[in-house]
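Single-structure report; data block below.
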Amino acid sequence: MTSRLLLPAALRHYAEEQAEVEIHGGTLGDALDDLAERLPQLERRLRDEQGRLRPHVLMFVDGVSVRGGAPMDTPVGDGAEVFVAPAVSGGTG
Amino acid sequence: MGLAILLIGTRKGLMIARSTDDRRTWATDDFQFLNQEVYSVAVDTRRDPPRIFAGVGTGHWGPLLTYSDDLGKSWTEPEEPPIGFPQGSEASVARVWQIQPATDQQPDVVYAGVEPHALFRSDDRGQSFALVEGLWEHPHRPSWTPGGGGACLHTILPHPTEPKDVMVVMSAAGVYRTRDGGTSWEPANRGIQAAFLPEDQRFPEFGQCVHKVAFHPEHPERLFAQNHFGVYRSENRGDSWAPVESGLPSNFGFALVAHPHRPETLYNFPLQADAERFPPKAKLRVYRTENAGADWEPLSQGLPTDPYYGAVLRDAMVADSGDPAGVYFGTRLGEVYASRDDGDTWALIAGHLPDVLSLRVAEIA
């Protein structure tokens, strides 16, 4: 499965200034494992060292939030859009 | 002193100040790591070129431990995550609170203290760090509680001549010491009060919120501690502690710095109380002892005389290696003051910054 990871401006530096990158895998976890092989500095800004989505990172697969349950098990179909956004939480002013 | 470099870590980025005229004037670079907190900075001058470290974090994208070998012009982030808990530990690094080069006998060893309470060690000049398992597996760890700033290991004190002797300080767990290179650790808090506990439980084996410990390299057995209420001295590398507060307007505060050449001289920045984190009576003053804590005197020449409400955090006061010594502090009002005469007189060298979290200074050959 090949899908598109859509990045906010703050993360494009870690993707050679691209707004999106291809990722490969049938689940979000597999796709981010693939990302870790190619762009590890980008991947570790999305997940912590235990493979968990960072607390203030939002991800949507084809418009549906992956929060709750087991985010890394979320199916990612061929051609899916995986959208990344910083949550409005997490800042200190 | 040739080139002096001062790293100023703030809530929203890093600023580097440089002086080439024996610390008379300072020029500042552009802000780096915009909108990212810089809780820890370090300069490692043991090898050439010197290496600068920064512990950077954002609220969203996790912590970063990065370094520069060109005095801050460019920064390197290793491909492999430089610091992280082992798979299966269930823990993840929330913040890098302290980066501490080890002693000259171990020029490639660098320590890092993180949140949650843990110590990491690098044997390759900070490119990769490994968890110090002995402290992480300590039976006391489930009982350690977070301080107001978090569950942080904020201070690392390698013995200057005994590489296996390392002390760490954690909030709110207190002081711990290893003498076998990190395999086993013992608490070293006897005599330090935990004023926030019930009256009959105020001297526990551990659980104190010690904010900072400092010592002079020529006297590693003599330690000084700024506690959450209480300033203490130990003459036996932490086996026991006794108060040394006479002359201080308050025994609460965070920052404590040893003079680089005079073992009896230290600097302290008292705050009114834990619920009033301002300079006592709103007077901006550093306090200095020249007799190992027996007496303290206020230092204010050149500092603002109008009421001042900015606190100084635990890593936001440092001394350089000059003679006379340079002493520096940064406030939560975003100002950095410096003295180049052991603290006798002060001048503002940077202002209008975000609140200052961390300072480190070094002379670059």
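FYI, it's all coordinate maths here, none of it is from the lab. All of these numbers come straight from a predicted model, not from anything done at the bench. Positions of Cβ are generated from backbone atoms using ideal geometry, with glycine treated the same way; all protein chains shown enter the neighbour counts.
In a simple Cβ point-charge model (Lys, Arg +1; Asp, Glu -1; nothing else charged), chain B has a dipole of about 620 debye relative to its Cα centre. Averaging the sequence gap over all C-alpha pairs within less than 8 Å and six or more residues apart, then dividing by the number of residues, gives the stretch A:2-86 a relative contact order of 39 percent.
Using Cα springs under 10 Å in a Gaussian network model of chain B, which residue among B:Asn251, B:Asn268, B:Asn35 shows the largest mean-square fluctuation? Maximum among the listed residues: B:Asn35. Excluding same-chain neighbours fewer than eight residues apart, the aspartates and glutamates reachable from B:Lys164 by a Cα-Cα span under 12 Å are B:Asp180. Listed by chain and number, the lysines placed with their C-alpha closer than 23 angstrom to that of B:Lys283 are B:Lys212; residues fewer than eight positions away on the same chain are left out. A Gaussian network model of chain B, with springs between Cα atoms under 10 Å, assigns the largest mean-square fluctuation among B:Pro158, B:Pro50, B:Pro116 to B:Pro50. Comparing mean-square fluctuations of B:Gly113, B:Gly351, B:Gly343 from a GNM of chain B with C-alpha springs under 10 Å, the top value falls on B:Gly351. Cross-link reach is defined here as a Cα-Cα straight distance under 12 Å, omitting same-chain residues fewer than 8 places apart; for B:Lys281 the aspartates and glutamates meeting it are B:Asp306. Couplings for the stretch B:278-291, taken from phi via the Karplus curve 6.51 cos²θ - 1.76 cosθ + 1.60 with θ = phi - 60°, read 10, x, x, 6, 6, 9, 6, 8, 9, 10, 10, 10, 10, 9 Hz in order; Gly and Pro are left as x. Its relative contact order, with pairs defined as Cα atoms under 8 Å and 6+ residues apart, puts chain B at 12 percent.
Can you give me the convex hull volume of the Cα atoms of the protein assembly as shown, divided per residue and expressed in Å³?
Normalising the Cα hull of the protein assembly as shown by residue number yields 142 Å³.
Only Lys, Arg, Asp and Glu count, each charged at its Cβ (+1, +1, -1, -1), so figure out the dipole size of the stretch B:277-360 about its Cα centre, rounded to 20 debye. Value, rounded to 20: 420 debye. Going by neighbour counts of Cβ atoms within 10 Å, the residues B:Leu153, A:Leu6, A:Leu58 line up, fewest first, as A:Leu6, A:Leu58, B:Leu153.
For B:Tyr308, the amide hydrogen comes within under 5 Å of the amide hydrogens of B:Lys283, B:Leu284, counting only partners 5 or more places away or on other chains and with H modelled in the peptide plane. Listing B:Met167, B:Met317, B:Met1 from fewest to most neighbouring C-beta atoms within 10 Å gives B:Met1, B:Met167, B:Met317.
Placing unit charges on each Cβ (+1 for Lys and Arg, -1 for Asp and Glu) gives chain B a dipole about its Cα centre, and among B:Gln272, B:Ser89, B:Met170 the Cα reaching farthest toward its positive end belongs to B:Gln272.
Across the stretch B:233-365, the relative contact order, built from alpha-carbon pairs under 8 Å that are at least six residues apart, equals 19 percent.
Quick one, what does Rg over Rh come out to for the stretch A:2-86 if you take C-alpha atoms and the Kirkwood Rh? Numbers along the way, then the final one.
Numbers: Rg = 11.2 Å, Rh = 12.4 Å.
Ratio value, two decimals: 0.91.
Using the Karplus relation 6.51 cos²θ - 1.76 cosθ + 1.60 with θ = phi - 60°, the per-residue 3J(HN,Hα) values for the stretch B:345-359 come to 9, 9, 8, 6, 10, 7, x, 6, 9, x, 4, 7, 9, 8, 10 Hz, with x marking Gly and Pro.
Taking Lys and Arg as +1 and Asp and Glu as -1, the other residues whose beta-carbon sits under 15 Å from that of B:Arg340 total -4. Think of it as helices only: each DSSP H run of n ≥ 4 in the protein assembly as shown is worth -39500 (n - 2.57), and spread over all residues that comes to -1000 deg cm²/dmol at 222 nm. Comparing chain B with the 2.2 N^0.38 Å rule of thumb, its C-alpha radius of gyration ratio is 0.91 (two decimals). Ordered by the count of other Cβ atoms within 10 Å of each Cβ, fewest first, B:Trp144, B:Trp346 give B:Trp144, B:Trp346.
The residue list B:Gly150, B:Thr161, B:Pro63 was ranked by how far each Cα lies along the charge dipole of chain B toward its positive end, using unit charges on Cβ atoms, and B:Gly150 comes out on top.
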